[in-house]
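Working notes for the structure below.
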Amino acid sequence: MTGQAKLHYQETKYQQGMTVIGLLLSLMVLGVFVLAAIRLVPVYLDHFSIRSAINGVASEPEAGQYDKHEIRDRIAKRLLVSSVDAPDIKNIKIKRGRDGKYHLTWHREPRVHYAANLYFVLVFDYEATIPSR
């Protein structure tokens, strides 16, 4: 080896791997995403349970014979069984169209606390149709 090549070899020999500061910064970035997942996953699971409850009631064979209050009650019972911390069940808008079908609309904007004064605002809109009698 020449003198310059030997010097270059000695410099790079000790520059292997990640430093402790680099490792800590990587862990901090990973921690930010893990905390976000911990906060957001339960809200999404609740949303999927709400959709399932609405679809379940809408797919019942005799659902077209229910009135608005019975539809809300059946959805509320399904959410209770699923242990969903749902907002007021009265947020479901139920309208009967000219075709005789019920049109259900649910709009939710849950706010999820992240850290300090930071929040995630999620917007969920869901619509379903119950066939007429």
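Derivation of every value follows stated rules applied to the coordinates shown; laboratory data play no part. Note that this is a predicted model, so its numbers are computed, not measured. Counting neighbours? That spans all protein chains shown, and the Cβs are built from the backbone with ideal geometry, glycine included.
Points to keep in mind about this one:
- The GNM of the chain, with springs linking C-alpha atoms under 10 angstrom apart, assigns the highest mean-square fluctuation among Asp85, Asp46, Asp99 to Asp99.
- Axial C-alpha extent at least 27 Å, average Kyte-Doolittle at least -1.0 - helices from the chain (DSSP): 20-58
- When each of the peptides 20-27, 59-66 is scored by the mean number of other C-beta atoms lying within 10 Å of its residues, the order from highest to lowest reads 59-66, 20-27.
- Matching label, volume of the Cα convex hull per residue in Å³ computed from the structure shown, candidates (1) 105; (2) 196; (3) 140: (2)
- Value of [θ]222 nm, deg cm²/dmol, for the chain, DSSP H segments ≥ 4, -39500 (n - 2.57) each, nearest 500: -16500 deg cm²/dmol
- Formal net charge of residues neighbouring Val112 (Cβ-Cβ distance under 15 Å; K, R +1; D, E -1): 0
- The count of lysine pairs in the chain whose Cα atoms are under 23 Å apart, excluding pairs fewer than 8 places apart on the same chain, comes to 11.
- Distance in nm between pseudo-label sites at Val112 and Lys77 (7 Å out along the Cβ direction from Cα): 3.1 nm
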